[in-house]
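Everything on this sheet refers to the single structure shown next.
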Amino acid sequence: MAIGIGLLGLGTVGAGVAAILASPEGRHPLVGELVLRRVAVRDPARARAVSLDPTLLVTDPRLVVDDPAVDIVVEVMGGLEPARSLILQAIAAGKSVVTANKAVIARYGEEIAAAAADRGVYVLIEAAVGGGIPIIEPLKQSLGSNRILRVSGIVNGTTNYILSRMAAEGAAYADVLADAQRLGYAEADPAADVQGGDAADKIAILAGLAYGGSIERSAIPTEGIDRLEARDVTYANQLGYVVKLLAVAERFEASASPESADNNVALDVRVHPTLLPRSHPLAGVDGVNNAILVEGDPVGQVMFFGPGAGAGPTASAVVADILNIAGIRQLGAPAGALDPLLAASRWRQCSLVDSARTRHRNYVRLLTRDEAGVIGKIGTAFGTAEVSIQSIVQYEASATASASSSGAGSGAGNGAEIVVITHEVEEARFRQALAAITALPEVETVAACLRTL
Ligand code: NAP
Ligand code: HSE
């Protein structure tokens with residue numbers, strides 16, 4: 001029985017989906033039942049990465065949603081509006097929706113899930129996180145028996161591609177970003193990638209699924225790679241670390257009994273560039289690849305790895321969702337009856353802890369005067385705030401000059417450059433130490449401050 005597909009968007013992802021539907025040979029037999037009925041674009045005259053019957057193209061996306069021949073609406077246009085309204089209109093018309101739009105789901109997921117549950121339709125989002133990596137359905141279904149302790153990952157392909165090439169080739173940030181855009185990895189506005197917003201959308205979605213409650217997207221502390229200096233990537237490397245943009249969601253009080261916290265969990269959710277020891281499972285994830293490390297009780301550590309962006313991988317995830325819905329339709333399930341594991345479910349309140357209470361290791365780079373006693377004063381400031389130092393390294397003027405000449409950014413001139421790595425400490429104490437260090441007359445500036453695992 002043919003199943004009508006309506007596409008909202010025929011850009012990187014939409015063209016990838018259309019290409020799969022146009023070549024069902026060798027794939028699951030259900031792919032051959034999927035028929036593309038209508039496709040919304042902004043500019044029908046634009047050259048496309050896939051050849052398509054031009055009469056399918058419309059510029060009014062409502063025509064896709066309202067077309068009675070469209071059974072499943074696939075939203076791959078991006079942006080908040082009209083994407084959100086079109087998803088809600090499709091649901092109201094009794095149509096299941098597949099979307100890759102993490103920005104909409106991270107902000108309006110609860111509203112959308114409630115509307116879908118009321119109308120008895122599915123909204124599936126596998127492509128919204130991790131590109132081609134299956135992570136949404138595994139969290140909803142395969143890992144459902146676990147108490148999730150932590151979800152951490154590299155969930156933005158653009159920034160991982162940029163950081164990998166900066167580290168491997170010393171490539172310039174702007175050049176590599178332009179390559180990521182050309183390859184179709186970046187968002188329409190790449191600020192969402194490089195400022196960390198895209199990763200924050202994704203960790204909000206993953207945390208919501210892992211912990212069973214909705215996450216206040218706007219409250220997630222978010223830092224991107226746009227202010228990261230190449231010299232910190234270089235120094236991290238010299239100290240045995242790689243720098244990755246990490247998104248993390250973890251239970252704040254891991255020591256609390258799971259039973260006592262069952263209806264209300266406090267979470268530490270955040271996105272920031274992070275120094276990972278080279279031995280860490282996420283440290284070797286390079287290029288456009290993403291990886292998500294899930295730590296659960298009793299499963300232990302499970303890592304999901306694969307291409308995190310691009311036409312083919314993302315379309316793979318979109319079509320997998322379409323097949324899930326098509327399979328249920330083929331079974332002839334009664335209208336409105338939903339598989340509770342395939343539909344999103346929420347069962348508790350989640351709140352984000354004040355970041356001042358969270359605990360981390362830190363990397364700090366200070367520009368100082370090059371004179372006797374400076375390291376002692378810095379050590380005293382850390383010690384007074386009860387921040388324990390793991391290592392402290394002073395770079396000579398000649399070393400900073402050579403880092404500059406290899407593309408690592410501006411050096412410290414005749415001053416000194418001091419890099420400190422702390423042991424794990426409460427964020428409030430660390431900030432107290434930094435304030436005292438900044439006030440030292442010998443310290444010109446705190447040039448970089450990064451989290452360390
Ligand atoms: P894209 O290349 O910019 O494509 C967007 C498509 O939507 C274009 O075909 C555009 O038409 C169409 N469109 C946008 N606004 C429209 C409107 N108001 N009316 C009609 N058509 C409209 O974007 P993309 O990279 O495919 O991403 C699409 C979605 O997937 C986004 O939510 C993104 O976050 C998500 N996603 C992307 C990737 C990736 O690797 N690219 C991976 C995972 C998820 P024109 O072609 O005529 O301009
Ligand atoms: N711009 C996103 C990224 C696309 O680079 O990861 C995949 O969600």
- prompt: Among the strands (runs of 3 or more DSSP E) confined wholly to the stretch 216-311, which include 2 or more residues that are of a type outside the set (Lys, Arg), exposed (fewer than 15 other Cβ atoms within 10 Å of the Cβ) and within 16 Å of ligand 1 (Cβ to nearest atom)?
  reply: none
message: Among the residues that make up the stretch 319-326, is at least one of them open to solvent by 70 Å² or more (accessible area, probe 1.4 Å) and in contact (Cβ under 8 Å) with a residue 24 or more places away in the chain?
response: no
task: Could you please tell me which pairs satisfy a Cβ distance under 7 Å, a separation of 6+ or placement on different chains, a first residue in the stretch 162-186 that is in a helix (DSSP H, G or I), and a second residue that is hydroxyl-bearing (Ser, Thr, Tyr)?
output: Ile162/Tyr173; Met166/Tyr173; Val176/Tyr161; Ala180/Thr158; Ala180/Tyr161
task: Search the stretch 83-106 for residues being in a loop (DSSP other than H, G, I, E, B) and more than 16 Å from ligand 2 (Cβ to nearest atom), and hand back the single one that is nearest to Gly308 (Cα to Cα).
output: Lys95
message: closer than 29 Å to Ile220 by Cβ, within 16 Å of ligand 1 (Cβ to nearest atom) and open to solvent by 20 Å² or more (accessible area, probe 1.4 Å): which single residue out of Ser355, Ser316 fits that description?
response: Ser316
query: How many residues does the stretch 282-313 hold that are more than 16 Å from ligand 2 (Cβ to nearest atom) and under 12 Å from Lys244 (Cα atoms)?
result: 2
Among (1) of a type outside the set (A, V, I, L, M, F, W, C); (2) within 15 Å of ligand 1 (Cβ to nearest atom); (3) within 21 Å of Leu450 (Cβ to Cβ), the one test that Asp179 misses: (3)
Criterion violated by Gly78 - all others in (1) more than 10 Å from ligand 1 (Cβ to nearest atom); (2) modelled with pLDDT of 95 or more satisfied: (1)
message: Conditions first: (1) open to solvent by 10 Å² or more (accessible area, probe 1.4 Å); (2) within 24 Å of Gly4 (Cα to Cα); (3) within 16 Å of ligand 2 (Cβ to nearest atom). Tyr161 passes all but one, so which condition is the exception?
response: (2)
- line: Over the stretch 121-141, the set of residues part of a loop (DSSP other than H, G, I, E, B) and β-branched (Val, Ile, Thr) is Val121, Ile125, Val129, Ile133, Ile135
Filter pass, Pro44 being in a loop (DSSP other than H, G, I, E, B) and touching a strand residue (DSSP E or B) at 6+ places or on another chain (Cβ under 6 Å): yes
field: For Ser85: the one exception among (1) open to solvent by less than 30 Å² (accessible area, probe 1.4 Å); (2) among the hydroxyl-bearing types (Ser, Thr, Tyr); (3) more than 9 Å from ligand 1 (Cβ to nearest atom)
entry: (1)
Leading residue by the ranking (nearest to Arg107 (Cα to Cα)) among those in the stretch 128-137 that are open to solvent by less than 20 Å² (accessible area, probe 1.4 Å) and touching a Gly at 6+ places or on another chain (Cβ under 9 Å): Val129
- prompt: Does the stretch 141-158 contain any residue that is open to solvent by 20 Å² or more (accessible area, probe 1.4 Å), within 16 Å of ligand 2 (Cβ to nearest atom) and in contact (Cβ under 8 Å) with a residue 60 or more places away in the chain?
  reply: no
field: For Thr12: the one exception among (1) touching a helix residue (DSSP H, G or I) at 6+ places or on another chain (Cβ under 9 Å); (2) more than 8 Å from ligand 1 (Cβ to nearest atom); (3) among the hydroxyl-bearing types (Ser, Thr, Tyr)
entry: (2)
message: Cβ-Cβ under 7 Å, sequence separation 6+ or interchain: first residue in the stretch 275-296 and without any contact (Cβ under 8 Å) to a residue 40 or more places away in the chain, partner assigned to a loop (DSSP other than H, G, I, E, B) and open to solvent by less than 30 Å² (accessible area, probe 1.4 Å). Which pairs?
response: Arg278/Gly240
field: Hits in the stretch 192-215 (condition: more than 11 Å from ligand 2 (Cβ to nearest atom) and either of a type in the set (Gly, Ala, Ser) or surrounded by fewer than 23 Cβ atoms within 10 Å (Cβ to Cβ) (or both))
entry: Gln195, Gly196, Ala200, Ala204, Ala207, Gly208, Ala210, Gly212, Gly213, Ser214
- prompt: Here is a list of conditions, (1) within 16 Å of ligand 1 (Cβ to nearest atom); (2) assigned to a loop (DSSP other than H, G, I, E, B), and Ser145 meets all of them except one; can you say which number that is?
  reply: (1)
task: Would you confirm whether any residue within the stretch 97-104 is open to solvent by less than 10 Å² (accessible area, probe 1.4 Å), within 26 Å of Gly212 (Cβ to Cβ) and out of contact with any strand residue (DSSP E or B) (no Cβ under 7 Å at 6 or more places or on another chain)?
output: yes
statement: Restricting attention to the stretch 164-178, the residues that are of a type in the set (Gly, Ala, Ser) and surrounded by 18 or more Cβ atoms within 10 Å (Cβ to Cβ) number exactly 2
- prompt: What is the number of the single condition among (1) at pLDDT 95 or above; (2) within 11 Å of ligand 1 (Cβ to nearest atom); (3) open to solvent by 20 Å² or more (accessible area, probe 1.4 Å); (4) among the aliphatic types (A, V, I, L, M) that Ala188 does not meet?
  reply: (1)
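The values are calculated or read from the model by the stated rules, or taken from the named source; none is laboratory data. As the structure is a computational prediction, the values presented were derived from the model and not from experiment. All Cβ positions, glycine included, derive from the backbone under ideal geometry; neighbour counts span all protein chains shown. Remember, those area values only see protein heavy atoms, side chains included, never the ligands or the DNA or RNA. Shrake-Rupley method; radii C 1.70, N 1.55, O 1.52, S 1.80 Å.
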